[in-house]
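The values are calculated or read from the model by the stated rules, or taken from the named source; none is laboratory data. The structure presented is a predicted model; accordingly, all values stated were derived computationally and were not measured. No Cβ is skipped: glycine too gets one built from the backbone with ideal geometry, and neighbour counts run over all protein chains shown. Side chains are part of the model used for accessible areas, which takes the heavy atoms of the whole protein and leaves out ligands, DNA and RNA. Shrake-Rupley method; radii C 1.70, N 1.55, O 1.52, S 1.80 Å.
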Amino acid sequence: MPEFYELQINGSAHDVHDAWLGESLLYVLRERLGFTGTKSACEEGECGSCSVLVDDVLVCACLALAGSATGKTVTTVEGLAATGTPSDVQQAFVTAGAVQCGFCTPGLIVAAHALLTESPEATGQEIREALSGNVCRCTGYGRILEAVAAAARARLAAGAGSIDDRGET
Amino acid sequence: MIVTDTRTGRRPGTLGDSAVRPDGVAKVQGTFSFSSDEQIDGCVFGATLRSPHPSARIVSIDVSGAWKVSGVEAVLTAEDVPGNATYGLVVADQPVFAADVVRYVGEPVAVVAADHPETCQRALAAIRVDYEVLEPLLDPEVAIRGEHPDIHPDGNILRHQRIVHGDPDATGDVMVEGTYELGMQDQAFLGLEAALAIPEPGGGGIELHIATQWLHEDRRQIAACLGLPEPKVRLVLGGVGGAFGAREDISLQVHTCLLALRIGRPVRIQYSRRESFVGHVHRHPARIWMRHHATTTGQIVKIEARFVFDGGAYASTSSPVLLNGITHTQGPYRCPNAVVDGWAVRTNNLPCGAMRGFGVVQACFAHESQMDRLAEACGLGAVEIRLRNAMRTGDTLITGQVVESVAPVARCITEADALPLPEEPVGGRDGDPMRLPGGAGRTSDAEHVHRGIGWGVSIKNLMYSEGFDDFATARCRLSGGVVTLKFATAEVGQGFVVIAGQIARSVLGVDEVRLDTVDTDIGSSGSTSASRQTWMSGGAVDAACRKVRERLFDHVAAQHGLDPLRLAIDGTDVIDTMGTLRLAVEDAVMGREFDETVEFRHRPTEDLDENGQGNCHTAFAFAAHRAVVDVDAELGLVKVIQIATAQDVGRALNPLSVLGQIEGGIAQGLGLAVMEEIVRNAGYVRNASFTDYLLPTSLDMPEVVVSLVEEPDPQAPLGAKGVGEPPCISSTPAIVAAIRDALRHAGIERRLDRVPVRPSDIAL
Amino acid sequence: MAVVIPIDLDAAMRAASAAPDALILAGGTDVMVEVNAGQRRRALDSDTVIVLDRVRELRRWSHDPERRTVTLGAGVTYTELMTEPLASLLPALAEASRTVGSPQIRNAGTIGGNLATCSPAGDTLPVLAALDADVHLASLNGERTLPVGQFMLGVKTTALTRGELIVGVTAPVLRGAQGYAKVGVRNAMVIAIASACVIVDEDCRDVRIALGSVAPTIIRCPDAERHAAANLDWDRGRATPGVAAEIGERAAADARPIDDHRSTAAYRSRAVALLVGRLVRRGFPDA
């Protein structure tokens, strides 16, 4: 067996060397590859802080065995927008006051991106259900729900303009 | 470019504006560095061996097995602590490592350092500790009665304090009483305890990157245990993923430093969630008996009360928590006579200490439940009974202290009462189960749902009490139109980093504010707790900026031959208020640098005397909550539909931040009301995980409607009161009162004297 | 170390046969919790993990309109079960799936994993029990099919043998009301304190009732089922509240709940009585 495996993360290949078999995708992302934007807060899928996209599906990185993710594409919060130029959803979180301690935030951002990709017209109750796997201890969710709703509205408004605009968001 | 808000005339980023957080973009992009994210080359991992017993004698510890695990670099126990063997915020009664006995499940016994977390776990499993299990002390009443041998050299009573005020024999025509209980709540911040310790070459000093609430207090305790002078221990604030009181005490700080000093390499420790539940202090479980005497028209005549707080194995802040509880017995109501007996005791349960609300949460659940009983006994409504007794500025508390703070209690109640009730129909709509109690579980149909409304109103002391020398330090440097602020204030999510910049922009007329590293290279700012940082560190930043402004005005005045008293800041300019001079601040600075450091103190407080009399607190804030809930009475399931709140904030320096504190605090109050409790059995913890310790999700939080009551407090440096704690104090009793009301509509009478209210408490 | 990622069933069976002590991962939502908590150290030290999420046969499902059955590959996720067209074919399974964990968990977790874990609180299990579903197992020694009731043996104990894999489940598509209800203390992401499934088969005038979290494994309630079949007004599709409540009480009488940190035995009994009664009334409104 090879002493390393390869993961595709945010569009680039990363080799993982000499790993212990039981390492989760979360551990490998954070500790071996330096993608510390993905947070660890419960390691049992009950908080959503480690939300990532695997083959564009929203999952908890703590519940994926790292070695099982070879051959799939992994997108972390760092892969959603270039550093310093936040995505629409990211900017909406800042503007709406959806960030306090910020520990749950990357997971929520990934979950919100997944939601708006799948259901661009999501509104109140759908947003609540879609984000119900992402626990926030600081905000009481009010500003988070507002941020996602605002991002959805902005996308719809932009989409009503031109197709090109939609492609940019 | 300066864009002024045309509606308010306010310059963006100044006081009163909902400025956005300077750390916001980094946090949404995942580039903000939390303490758990800090990595350094050559770093190894640490992990902690913990007691499996609530009470046991350590017969022997054999660490040789751990050393046989490949990759292990250090194994430390009590005998490896070079300095003080114990630490503590108030009393140093807690061992760095248990040596002779263990006093709670989860108490640290040893630590290891190794190349991989998995190696650490295998090494811990290989340490053999022989315990002689002892009978644990678990019942606080047994501790009070003195029926159990001392479980600690300091004894089993952490504090006993009485309050006797007015006529202790006074009686009222109407009397209501009850005994109220609160379970143990966890702060459950998301960012687990984590630290990185970097030893100085030669081992003469250490740098610790740590998520904490109070760098300097941590340093005092760490240095003492390491046997190092404080200047050799440098603390740097690592990004803090929430705190809520749980980071006020030491957890892994000393352990991480000891390992790093031992092996001469950087060491990281991060707790798991399971560990975190036993690795920090919790909200005190409490049992509170209260009896209210009142006139037939509902005026409170006297309150009698007995508080018992279970402090767990070590003192932590049990003493001030108890003080807060008993001194808030009366709630935000006038009360001429009182007899209160308060106990905080040591047991073999998990240690308890600070959590948002700090003793007042417990008192408020009791006094608000009592107010509803009093209302019923007097034939009054929940709002009317509270308005009739509402405290005002100038009233005397049961401690004899006069309330000098702005006290808009009646206004909070009437403004909350005026907020619209929810539009949500009883029993939801669109057949959507998510709108009903039970949610996705599809337990309830509209016909099973009854709606109730309940009230909770609170008073909370701000900042530290009982003679504590409470101060904050800030340094302001003005250079070339840029302000650099330095302070040791822990940003834990509350938003001090945004307020600090707003203060500097308002006072000094600059746009660009830089925040220096938060570390122990400057004096203490005190703890980020007790709703105190806006007042204290805000006061310090404000004072430092004002001092720099004085220096700037002196400089400009000298240049232009003016009296500096004529100068003022207008927007981003220095202007002569009696002339025509107008200079951009940047130009006025003219290559100079102004640099001032200030210590800010609130006015001193006093100890209580033996009858609980004394000016022990410095200021107060108030809040009213109205809860609307839907209850499935048969199954005992609750859905909170709306919380309306009016809160006394003094002045909203950043309305968006205030709203965030209010909504977030309500979520924690809701959690305590209906789901959050560390379940314990014989001293063992049964639900130390997020699978079983339930936090409110986005589907549990209701609509929140808010009215900010802004009456600037003349005592407060910026007119602003702390806003963090009140939202989680009276929201809990409001929700429980609403559940009782809903049940009444269903023809069911339940006292619901215990929180969290469990389905079985309602249904059976 | 070895992570084996078979892409077809044959390869999966060969891997399972070659390493019968291997750790088997489907969605990972249960097993990885234990791995992270250090509870699977021995299995991991055996040096093989078999990952089933790319086995193509397990990811499929099929509807046989003639036999009126749906066969689900073991790797079908909760999210897929909640989504059309499966949601309309097996509505109670869709309802149960929606109560599982969070969107993240539902995207990863699978019906085969729920069966393999065999927790008394497994959300799809009461539905499979009430549907009299069949579980298909396979190994290099051959295939076999067991009624789900014979597959689930106890708390986290199943009829799976070494080297054997869960291939899928076959459940009937029935005419009639069906539903799943679950009590938890939170409106999302909660483990069942008590749960119930009621399946009505109008063609056979038959009612099947299963309960979760009130016994070491999922239980059926034969007395309540017989009472329901005999006392419901099949012609008019109605039931009096009394009949529905009686069915609930009889179902609860079969429960053997315990006190634990999540709730009490007394509450669980009460809850399943109410849940069953309510589910019956949803199918059979007031007479």
Amide H neighbours of B:Val574 under 5 Å, counting only residues 5+ apart in sequence or on other chains, H built in-plane at 1.01 Å? B:Leu583, B:Ala584, B:Val585
Counting only other chains, what is the mean number of Cβ atoms within 10 angstrom of the Cβ of each residue in peptide B:34-45? 2
In percent, what relative contact order does chain B have, based on Cα pairs under 8 Å that are 6 or more apart in sequence? 16 percent
In square angstrom, rounded to the nearest 10, how much accessible surface does B:Val518 have for a 1.4 Å probe? 30 Å²
Give me the distance between the Cα centres of the stretch B:658-674 and the stretch C:87-111, rounded to whole Å. 30 Å
Could you check which residue among C:Asp45, C:Asp123, C:Asp235 shows the biggest mean-square fluctuation in a GNM of chain C with a 10 Å Cα cutoff? C:Asp235
Relative to the Cα centre, what is the charge dipole magnitude of the protein assembly as shown, using +1 at the beta carbon of each Lys and Arg, -1 at the beta carbon of each Asp and Glu, and rounding to the nearest 20 debye? 940 debye
Over chain B, the sum of -39500 (n - 2.57) across DSSP H runs of at least four, divided by residue number and rounded to 500 deg cm²/dmol, gives at 222 nm -7500 deg cm²/dmol
Go ahead and set up a Gaussian network model of chain A, Cα springs under 10 Å, then flag whichever of A:Cys136, A:Cys42, A:Cys104 fluctuates most. A:Cys42
Distance from the Cα centre of the stretch C:158-209 to that of the stretch A:63-81, in angstrom? 32 Å
May I ask you to list the residues of the stretch A:93-109 whose amide nitrogen lies under 18 Å from a point 7 Å from Cα along the Cα→beta-carbon direction of A:Asn10? A:103-109
At 7 Å along the Cα-to-beta-carbon direction for both C:Asp235 and B:Leu565, put a label point, then send me their distance in nm to one decimal. 10.3 nm
Among C:Thr117, B:Val574, B:Pro229, whose Cα sits farthest toward the positive end of the charge dipole of the protein assembly as shown (+1 at Cβ of Lys/Arg, -1 at Cβ of Asp/Glu, about the Cα centre)? C:Thr117
Under 26 Å Cα to Cα from B:Lys302, which lysines show up? Leave out anything in the same chain fewer than 8 places away. B:Lys460
Which GluC sites (Glu not before Pro) in the stretch A:61-151 pass both tests, a DSSP loop state and at most 12 other beta-carbon atoms within 10 Å? A:Glu121
Cα gyration tensor of the stretch B:471-601, axes a ≥ b ≥ c as square roots of the eigenvalues: rounded (a/c below 1.5), prolate (a/b > b/c) or oblate? prolate
If you average 1/r over all unlike Cα pairs in the stretch C:1-95 and invert the result, what Kirkwood radius do you get in angstrom? 14.8 Å
Rounded to the nearest 500, what is the 222 nm mean residue ellipticity of chain C from helices alone, with -39500 (n - 2.57) per DSSP H run of 4+ residues and division by all residues? -10000 deg cm²/dmol
HN-Hα J in Hz across the stretch A:120-130 - Karplus 6.51, -1.76, 1.60, θ = phi - 60°, x for Gly and Pro: x, 9, 4, 10, x, 5, 5, 5, 4, 5, 5
Scalar couplings 3J(HN,Hα) for the stretch C:199-214 by Karplus 6.51 cos²θ - 1.76 cosθ + 1.60 (θ = phi - 60°), nearest whole Hz, x for Gly and Pro, are 10, 9, 10, 5, 5, 9, 6, 9, 10, 10, 10, 9, 10, x, 6, 10
Where the Cα atoms of the protein assembly as shown are projected onto their three principal axes, how long is each span, largest first, in whole Å? 100, 77, 76
Paramagnetic label zone (point 7 Å from Cα along Cα-to-C-beta, B:Val705; backbone N under 11 Å) in the stretch B:635-655: B:642-645
For the stretch B:139-208, which GluC sites (Glu not before Pro) are in a loop by DSSP, counting at most 14 other Cβ atoms within 10 Å? B:Glu147
Extending each Cα 7 Å along its Cβ direction at B:Asp173 and B:Glu376, get the distance between those two points in nm, one decimal. 2.1 nm
Residues of A:21-28, mean number of Cβ from any other protein chain within 10 Å of their own Cβ, rounded to a whole number? 6
Per the helix-only model, chain A has a calculated mean residue ellipticity at 222 nm (DSSP H runs of ≥4, -39500 (n - 2.57) each, divided over all residues, rounded to the nearest 500) of -9500 deg cm²/dmol
Report the full-extension gain for the segment B:Lys232 to B:Glu749: residue separation times 0.36 nm, less the Cα-Cα distance, to one decimal in nm. 179.9 nm
Can you tell which of B:Met463, C:Leu146, B:Trp535 lies farthest toward the positive end of the dipole of the protein assembly as shown, using +1 and -1 charges on the Cβ of basic and acidic side chains (Lys, Arg; Asp, Glu)? C:Leu146
Among GluC sites (Glu not before Pro) in the stretch A:1-46, those in a DSSP loop whose Cβ has at most 11 other Cβ atoms within 10 Å are A:Glu3
Among rounded, prolate and oblate, which fits chain B when a ≥ b ≥ c are the square roots of the eigenvalues of its C-alpha gyration tensor, a/c under 1.5 means rounded, and a/b larger than b/c means prolate? oblate
So what is log10(I(q)/I(0)) for the stretch A:88-160 at q = 0.13, 0.14, 0.16 1/Å, when the Debye sum runs over its Cα atoms only? -0.30, -0.35, -0.46
Could you give the length gained by full extension between C:Glu202 and C:Gln39, i.e. 0.36 nm per residue of separation minus their alpha carbon distance, to one decimal place? 54.1 nm
Placing +1 at every Lys and Arg Cβ and -1 at every Asp and Glu Cβ, with all other atoms neutral, what dipole size does chain B have around its Cα centre, in debye to the nearest 20? 360 debye
Förster radius 25 Å - calculated FRET efficiency between A:Val57 and B:Ala125 (Cβ-Cβ, nearest 0.05): 0.10
The stretch C:11-66 to the stretch B:243-319: how many Å between their Cα centroids? 43 Å
